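Below: one structure, written as structure tokens.
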Amino acid sequence: MSAAAATRPKPHRPAGRAGRVVPAAAAVAALAFMHAGMAAVVFAAEAATAPSAAAPTAATPAATTRVTYLSGPTIYVEAGRDDGINQGDYLEVVRDGKVVATLLVTYVSAHRAACSANVASSEIVVGDQVRYTARRAVSAEPPAAAPATDAGGTSGTGGAMARPGRGTGLHGRVGLRYLVVKDHSIADSGFSQRGIDLWLQDQGLGDFDVYADIRARRSYHARTGDQDEADSLSNVYRLAVAWHPGDERQTITLGRQFSPALSMMSLFDGVLYDFNGGAWSAGGFAGTEPEPVDLKVSSDVRDLGGYWQYRGGTADTRRWEVTTGAVASYEDGEPNREFMFVQGRYFGPRLTGFVVEEIDYYSGWKVEEAGESTFSLTSTYASLFYRAGDHVTLYGGYDNRRNVRLYSDQVTPASEFNDAHRQGGWGGASFRVGQHFGFGADLRRSTGGDAGTADGYSVNVDVGGLTAANLGFQGRAAHYTNEENDGWLYEISTGIDAGSHVHLEAGLGHLDETSDREAALDRSADWIDLEVDVILGRHWYLLLSGEQYQGDDEDNDQYYAALSWRF
Amino acid sequence: MNGRWIVLCAGLLAFSMGAAGAAPAPMADNPHGSYVEECSMCHRADSWRPAVITKAFDHAKTGFRLLGAHATAACRACHVSLEFKAVKLKTECVACHQDIHRTEFGPDCSRCHTTRNFIDYARMRRAHSLTRFPLSGTHMVIACGDCHLPAAQGHLQYVNTPTQCADCHLDDYQGTTNPDHEANGTPLDCLQCHRAVSWQPARFPNHDAQFFPISSGRHKGKWSTCADCHTNQPNYSTFECIQCHAHDDPVQLQGNHNGVGGYQYNSQACYNCHPRGEAG
């Protein structure tokens, strides 16, 4: 858009147009209601900070821009992220030196921002002057350009490893699911689970972000001869508020959370401070570990740790990062676990890799009573993917991990502590031929500990996109051997779209297993499965699936239904 | 700027403002940066927002087909910026999904999960075949968490689960009464007598060759529990033949053994003359 066009005043809208302020306010109110429902304290904090955000600070002079376009409840202004505007900011519409409206920035691009009217005493028109306080940009590269993941699959609450989504407003998923597994070979046996889950992420509350990941389920177990059992489990995987004091470089996260830079830590309850220095990040945390069984808050095990991360590369070609840190946990004043780690990641156009090494430091009772040496290479894990060309991908990995002796293993041993390394390795290749055909093969070995060695080899082939309805076929054959059995497993399946919103999948399979112990333990089985998924209104997802499995002495079914709403 | 983009935007703007035929409306920069498609693929003339993704939009062109539940995700749940091409997103599952398994299974989520079905129990069972403990029988119809108990940070929950029967069934073993496994020193290797696919009836495959045919010959199927014959539990060195309905009539058995020298009506005498359970 030319400067002239941008500044060209648009004719005044009809008087009725002023009503647009009302739906805008209503939209803001609705959003606020949702926010309040999930985290009233955050909303209160937002409300408290709103006026100050709208008022220019003494340290930062106000900048001005103009309203360029009006569409429905949305007001567009001619300044964006590169001009220092961020989502959640409040802007002021100024006319004749008076503030006639306050705008809440809902979306922002490099040079444009879309806003909703927060407070308006007068109708907003194209050409109105808008005053705002430019906020310091984090870096030339938005947070999402930094590697957002680790091989552990955690995503960040902000800071250096922020998951794509900062500044994206409220997103979430609410799901219901029901699983039934019936064993017909033993009357009235099996189990069922019904569950509900909520995943929520709101990164549009001013300087605050809110995260929630809550899953609850109730299970029923039935076994012949035993009384039916039922148990409930409500797990909070994430319930945290992140605050960015001053600018986006700093993040203080409070609540149940995980940190991608500390992926081996899993969940913790406490506070995490991240500082994003551009090419490097650092952070520290303090908190407690949840109860392992039900994830309830517990103060038994207290953690303290920190990390330092350095990264390089460009956003869209090669990226790499190295993270190192140390974590210590204590229970009853005794060392529970003290370890340091080094992990590296590389994302390139061809090569993707992840490697982590954990080194445990043993002191106190671990050395004196358990006889551990001072240092132990506790966990080694590496995986690599290499795209050798447009048609070939090679991959492999190595795994050498062990349980760490914890304080609870010493004072309340539930069973004999098994510190044997779990070892394994895998490798494979996949090939694409044209648009429709692919095949691959892989092998994997698991060993270490008392369970002996297991080897698995599999080949697979897939043909897809054969018709406009995306007709496809997949096949897989796998051979496995372990300490007890040798087996073959074969599967074929087909899938097709039934219109744009319905997809059908059907499959058949067969298994033959020979026991190394005796012929009476040999078994074979066949199964058939069907799956239907339906997308309703682009926000609703319904899945129905069923499988019947029949073998020499086995006869069981599983049925699963899931409905989720995403927003 | 792409000419088609300009024309379409202008048309949509004019229409939405009811100003068709009036002076050209102000045109905005493409909010999606270098990403150029027909606006109408995702936007409607009567209301720019919310975006309504039409069938014409094919995300597969970007190299990442939206399958299953991904097709219902909001664009900005993944895209940090409306300038879709500005930040190239990674397509690995872990780029967006939290791994509650704490890296125990590595980054290849597709071994157990699909975009359509995140709790594909059948798929998980088959993936289990390639582990050191393929699932069979009753093990196929229990919840994962029954064996893979939640573990504290520093302990592995899945990949190092013990596979010996007693690792999970020790309580069952110690709770047996008929026969009392612990009292009679039954080995902890349950598969000697039981099968994962059918716990009952228990078998004793060496019983026929070592002691007395019960899984073959005339006594096959004539008993239900060990205690039918081994009545002095938990002592398995003693047994009873004459308490069974076929042998519990001393008068009839006396008649059947007329002329048999040294005949006695007691179980040890039965076994001495009929060690394979056959008549004659």
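Bear in mind these aren't lab numbers, they're just calculated from the coordinates by the rules spelled out. Just so you know, these numbers come straight off a predicted model, no measurement behind them. Here the Cβ positions follow ideal geometry from the backbone for every residue, glycine too, while neighbour counts run over all protein chains shown.
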Inset, instruction - Find the relative contact order for segment B:50-144 and round it to a whole percent, using C-alpha pairs within less than 8 Å whose residues are 6+ positions apart. - result: 18
Legend entry - Principal semi-axes in Å for segment B:30-160 [√(5λ), Cα gyration tensor, largest first]: 40, 16, 12
Legend entry - Dipole axis of segment A:254-318 (+1 Lys, Arg; -1 Asp, Glu on Cβ), positive-most option in A:Pro290, A:Trp308, A:Gly277: A:Gly277
Legend entry - Farthest positive-ward along chain B dipole, Cα basis, beta-carbon charges - from B:Thr91, B:Asn184, B:Gln243: B:Thr91
Inset, instruction - May I ask for the equivalent-ellipsoid semi-axes of segment A:485-562, computed as the square root of five times each C-alpha gyration tensor eigenvalue and listed largest first in whole Å? - result: 34, 12, 8
Legend entry - Label zone at A:Glu334, where the point sits 7 Å out along the Cα-to-Cβ direction: segment A:387-412 residues whose backbone N lies under 20 Å: A:403-412
Inset, instruction - Along Cα→Cβ, 7 Å out, is where each label goes; now give me the distance between the ones at A:Ser415 and A:Ala468 in nm to one decimal. - result: 5.7
Inset, instruction - Largest first and in whole Å, give the semi-axes of segment A:247-294's equivalent ellipsoid, each being the square root of 5 times a Cα gyration tensor eigenvalue. - result: 23, 11, 7
Legend entry - A:His184-A:Ala519 FRET efficiency (beta carbon distance; Förster radius 25 Å; 0.05 resolution): 0.50
Inset, instruction - Over the alpha-carbon set of segment A:396-501, divide Rg by the Kirkwood Rh and report the Rg/Rh ratio to two decimals. - result: 1.20
Legend entry - Cα pair distances in segment A:409-566, grouped into 10 Å bins until the bin that holds the longest one, percent each: 9, 24, 29, 25, 11, 3, 0
Legend entry - Pair A:Asp82, A:Ser121: separation of 7 Å Cα→Cβ label points (nm): 3.6
Legend entry - ³J(HN,Hα) computed for each position of segment A:73-84 - Karplus, 6.51 cos²θ - 1.76 cosθ + 1.60, integer Hz, glycine/proline x: x, 9, 10, 9, 10, 8, 7, x, 4, 5, 9, x
Legend entry - segment B:93-133 - charge dipole about Cα centre, Lys and Arg +1 at Cβ, Asp and Glu -1, debye rounded to 20: 220
Inset, instruction - Work through the residues other than A:Asp450 whose Cβ is under 12 Å from its Cβ and net out their charges, Lys, Arg +1 and Asp, Glu -1. - result: -2
Legend entry - Of A:Asn470, A:Val532, A:Leu521, farthest towards positive along the dipole that unit charges on Lys, Arg, Asp, Glu beta carbons give segment A:468-537: A:Asn470
